[in-house]
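Worksheet for the structure shown next.
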Amino acid sequence: MSDDEDESKPSIDELRAQEEEKHRAREAEIDGSWSKQTLSSTSHGDGEARKAWHGARARLHLKGTILSSLSGRRVGEVFEDTRERGEPLLLLLGRGVLVPGLEKAVESMCEGEVAKITIQPEGGYGAAGSPSAPCVPGSAVLLYEVELLSLQTEGDLW
């Protein structure tokens, strides 16, 4: 291998820096993809409601509706509703169970809070959409109504 070829290849540090920059850009895109309107909140007896955190076990009800899409397909359709199923969703926050924008929005909520959360395509299913359950068209703006019922730490589980 010649010296010219060695110089044209990026170093490990340069590759790492490029990946870190891509990650920061994606996180900023996700952070800017959602907005939240609090409908109601419930505080504990001491006046302080527990705020959600990365790694918390969350129990919540949510209803997801397609607010808009480029194709106009399925607008106004409910694609997920835990109340209709009669069972709240249980998940560990930060594990990627929810679309990224919704995950960030739920982590901003407090226990007992009910909120409307709007997710732009960048924080939802993106340009491709989701062809399977839930079926969401590409570039769809999503509206979720979320009630954060409870939060538990890992210690509470055992």
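The values are calculated or read from the model by the stated rules, or taken from the named source; none is laboratory data. As the structure is a computational prediction, the values presented were derived from the model and not from experiment. Positions of Cβ are generated from backbone atoms using ideal geometry, with glycine treated the same way; all protein chains shown enter the neighbour counts. Accessible surface areas use protein heavy atoms only, side chains included; no ligands, DNA or RNA. Shrake-Rupley method; radii C 1.70, N 1.55, O 1.52, S 1.80 Å.
Under the condition of being of a type in the set (S, T, N, Q) and out of contact with any strand residue (DSSP E or B) (no Cβ under 6 Å at 6 or more places or on another chain), the residues counted in region 42-86 number 4. Would you check if there is a residue in region 48-69 being surrounded by fewer than 18 Cβ atoms within 10 Å (Cβ to Cβ), acidic (Asp, Glu) and under 12 Å from the mean Cα position of the chain (by Cα)? No, every residue in region 48-69 fails to be surrounded by fewer than 18 Cβ atoms within 10 Å (Cβ to Cβ), acidic (Asp, Glu) and under 12 Å from the mean Cα position of the chain (by Cα). Residues in region 25-47 that are open to solvent by 80 Å² or more (accessible area, probe 1.4 Å), under 21 Å from LEU98 (Cβ atoms) and free of Cβ contacts under 8 Å to residues at least 12 places away in the same chain: ARG26 alone.
Annotation note: of VAL78, VAL99, the sole residue that is surrounded by 18 or more Cβ atoms within 10 Å (Cβ to Cβ) and of a type in the set (A, V, I, L, M) is VAL99. Of note, THR42 satisfies the criterion of being assigned to a loop (DSSP other than H, G, I, E, B) and among the hydroxyl-bearing types (Ser, Thr, Tyr). Determine, yes or no, whether LEU143 is without any contact (Cβ under 8 Å) to a residue 60 or more places away in the chain and of a type in the set (A, V, I, L, M). Spelling it out, it is not the case that LEU143 is without any contact (Cβ under 8 Å) to a residue 60 or more places away in the chain and of a type in the set (A, V, I, L, M).
The selection criterion, being at pLDDT 90 or above and either closer than 22 Å to GLY126 by Cβ or β-branched (Val, Ile, Thr) (or both), does not hold for GLY72.
Search region 108-141 for residues being over 20 Å from SER35 (Cβ atoms) and open to solvent by less than 40 Å² (accessible area, probe 1.4 Å), and hand back the single one that is modelled with the lowest pLDDT. So, considering only residues that are over 20 Å from SER35 (Cβ atoms) and open to solvent by less than 40 Å² (accessible area, probe 1.4 Å), the one modelled with the lowest pLDDT is PRO134.
Contact map, region 75-103: residues that are without any contact (Cβ under 8 Å) to a residue 60 or more places away in the chain and among the hydrophobic types (A, V, I, L, M, F, W, C) paired with residues that are open to solvent by 30 Å² or more (accessible area, probe 1.4 Å) and in a helix (DSSP H, G or I), Cβ distance under 7 Å, separation 6+ or inter-chain. Pairs shown: LEU93/GLU107.
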